[in-house]
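Working notes for the structure below.
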């Protein structure tokens, strides 16, 4: 599969506030870009989302364009570990496609609950506050966290405790991302946090010495380094919380969640599930026995 630069801006349709709630014309696999407060790609209220998906043949999905979790190709098609699993499971349910909507992490849950898209499949890691706001499927991915640092890790930053013990360390994190929550839970002062809009900006914060490290999932950082080796990736952080993600649905979409979890359980038994995760660099065995209930206990 051809890869593109992380967080490359893909705008097939620009949706403003005045266009909120309108489904723009285009192929089912086309991807739109939404800014916080803008309109979305799904029309009307939630209603029976399962029936709507079966009738129209697709669901709209909030994504982030952060490989290997999500990726938008030059033709607008949506891929990555999470969307590929979502698409495959939905096909077994009679819903043939997904329509991607690129959106910042902090806008994903508000946009879902405002009916701007039907589901989130973006590596949006489970934690208490998110699980209170949306209904997660059983997990698809279990992941680790690492720091992206200058080559040689000159500041020797390897753990969250290192950051806590040295008030001079500044750590870049995605605004609204799981990693921002890690720092807040660890009571790292706001002054030590450098908020960035996307993965590329986090890397640039480190290379420009605005941050001493970039906290992100291990595989996301490795994907960045494949494109640009100006930073290096530390070993998985020992004192970072266990993380994982699955599809996120509106709380009222109980029938969709129930049907999806049933289909997902069957799909996990097939070779295709392992093939998708392996293709994107994930170990399909580490999710075995891990539940959404467990991951939703993560603080933050």
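The values are calculated or read from the model by the stated rules, or taken from the named source; none is laboratory data. On a predicted model such as this, the values are computed, not experimentally measured, just so you know. Don't worry about glycine lacking a Cβ; one is built from the backbone with ideal geometry, like all the others, and counts go over all protein chains shown.
Taken over the stretch 73-102, the criterion of being crowded, with 21+ Cβ neighbours inside 10 Å, part of a helix (DSSP H, G or I) and touching a helix residue (DSSP H, G or I) at 6+ places or on another chain (Cβ under 8 Å) is satisfied by 81, 84, 85, 89, 90. Would you check if residue 186 is surrounded by 21 or more Cβ atoms within 10 Å (Cβ to Cβ) and either touching a strand residue (DSSP E or B) at 6+ places or on another chain (Cβ under 8 Å) or under 23 Å from residue 299 (Cβ atoms) (or both)? In short, no.
Residues that are assigned by TED's automatic domain parsing to the domain that holds residue 223 and assigned to a helix (DSSP H, G or I) are absent from the stretch 133-146 altogether. Just name the residue that is modelled with the highest pLDDT out of those in the stretch 103-117 that are in a loop (DSSP other than H, G, I, E, B) and touching a helix residue (DSSP H, G or I) at 6+ places or on another chain (Cβ under 7 Å). Here the residue is 117. Only residues that are assigned to a strand (DSSP E or B), at pLDDT 95 or above and closer than 21 Å to residue 62 by Cα were counted in the stretch 211-270, giving 4.
Table: residues versus (1) farther than 27 Å from residue 224 by Cβ; (2) in contact with a strand residue (DSSP E or B) (Cβ under 6 Å, 6 or more places away or on another chain); (3) free of Cβ contacts under 8 Å to residues at least 40 places away in the same chain.
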site: 68; (1), (2), (3): no, no, no
site: 88; (1), (2), (3): no, no, no
site: 115; (1), (2), (3): yes, no, no
site: 119; (1), (2), (3): no, yes, no
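Of all residues in the stretch 186-204, those satisfying the criterion of being more than 16 Å from residue 146 (Cα to Cα) and part of a helix (DSSP H, G or I) are 190, 191, 192, 201, 204.
Scanning for something at positive phi and surrounded by fewer than 24 Cβ atoms within 10 Å (Cβ to Cβ), does the stretch 104-111 turn up at least one residue? No.
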